[in-house]
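In what follows, a structure is listed as structure tokens, so that the remarks can point back to it.
The values are calculated or read from the model by the stated rules, or taken from the named source; none is laboratory data. Being a predicted model, the structure only gives us computed values, none of them experimental. Backbone-built Cβ (ideal geometry, glycine too); neighbour counts: all protein chains shown.
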Amino acid sequence: MILPVLDEAEALPGVLAAIPEGFAPLVVDNGSSDGSAAIARAHGARVVTEPQRGFGAACFAGLSAAGTEIVCFMDADGSLDPAELPRVSEPVQSGRLDLALGARRPARGAWPLHARVANRLIALELHRRSGIPVSDIGPMRAARRLSLLALGLGDRAFGWPLEMVLAAADAGWRVGEQPVTYRRRAGGTSKVSGSIRGTWRAGADMSRLLRSSSVRTVPFTSSHDSACCDRQAAGGRSGEDAADAAL
């Protein structure tokens, strides 16, 4: 499990303590000044350092350093629940999806209006261009590591999450969503939704990618599809089994 980190000292202990069995945390420190790297090591995480600032730079460093077949990504600010990683990774582990996205279901006050609107507009434009009816370009996701590397993702800033979906669509991947809880962050200020400026920067990065992309329609699977829900209700593989190959 890859956790890009920039000054998340307050949230990291709780996030790392909540990681389910079978998921090994790989923290990518992106220039923290609050001791985040030391805290992560003290809580048993493997830590790598990425000096180039940028969300995409940190994510790519983690992807390059990982050694598992399946990789998961999520924010380390406490807004996402690590206990939901098996739900997101299972469709990839079972072979039903190539890219599984966590669609955030926000608690009251967890997601500022300006950030929700910007995210929704990007998702709608992605749907228009690719036919993928995604509801969220969120940070929790899972895919096979070598397949992700083969996509040749080049964005090293806030456009990384969107570029991944665009490249997956262009490659004909099966893309789907799983609902995940979205809470108030455990500490600090979000680099994106914490300010209008941060949201604007992320939106600008994603808009640039959309303008330059040319994608084709690919299969999409929502967790609300009856076949998917039936499989989950029937049990299938356990959360631990689904996580065995996941980072």
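Taking (1) at pLDDT 95 or above; (2) in contact with a strand residue (DSSP E or B) (Cβ under 9 Å, 6 or more places away or on another chain); (3) in a loop (DSSP other than H, G, I, E, B) in turn, GLY78 satisfies each apart from (2). Selection within segment 27-48: residues that are part of a strand (DSSP E or B) and of a type in the set (A, V, I, L, M). The member of this set that is nearest to GLY78 (Cα to Cα) is VAL27. For segment 1-14, the set of residues classified as in contact with a helix residue (DSSP H, G or I) (Cβ under 6 Å, 6 or more places away or on another chain) and crowded, with 22+ Cβ neighbours inside 10 Å consists of ILE2, PRO4, VAL5, GLU8, LEU12, listed by residue number. Would you mind stating whether ILE137 is buried (at least 18 other Cβ atoms within 10 Å of the Cβ), more than 23 Å from VAL5 (Cβ to Cβ) and of a type in the set (A, V, I, L, M)? For ILE137, the condition - buried (at least 18 other Cβ atoms within 10 Å of the Cβ), more than 23 Å from VAL5 (Cβ to Cβ) and of a type in the set (A, V, I, L, M) - is not met.
Confirm whether ALA66 is surrounded by 21 or more Cβ atoms within 10 Å (Cβ to Cβ), within 15 Å of ARG156 (Cβ to Cβ) and not polar (S, T, N, Q). Quick ask: steps written out before the conclusion?
Numbers: surrounded by 21 or more Cβ atoms within 10 Å (Cβ to Cβ): yes; within 15 Å of ARG156 (Cβ to Cβ): no; not polar (S, T, N, Q): yes.
Judged against the criteria, ALA66 is not a match.
Test VAL88 against the stated conditions and say whether it is surrounded by 24 or more Cβ atoms within 10 Å (Cβ to Cβ), modelled with pLDDT of 95 or more, over 23 Å from ARG144 (Cβ atoms) and under 14 Å from the mean Cα position of the chain (by Cα). No, not satisfied. Quick check on this structure: which one of SER193, SER222, SER147, SER214 is at pLDDT 90 or above and among the hydroxyl-bearing types (Ser, Thr, Tyr)? Going through SER193, SER222, SER147, SER214 in turn, just one is at pLDDT 90 or above and among the hydroxyl-bearing types (Ser, Thr, Tyr): SER147.
Out of the residues in segment 109-135 that are touching an Asp or Glu at 6+ places or on another chain (Cβ under 7 Å) and part of a loop (DSSP other than H, G, I, E, B), which is farthest from GLY95 (Cα to Cα)? Among residues in segment 109-135 that are touching an Asp or Glu at 6+ places or on another chain (Cβ under 7 Å) and part of a loop (DSSP other than H, G, I, E, B), the one farthest from GLY95 (Cα to Cα) is SER135.
ARG104 passes every criterion in (1) of a type in the set (D, E, K, R); (2) at pLDDT below 95; (3) in contact with a strand residue (DSSP E or B) (Cβ under 7 Å, 6 or more places away or on another chain) apart from (2).
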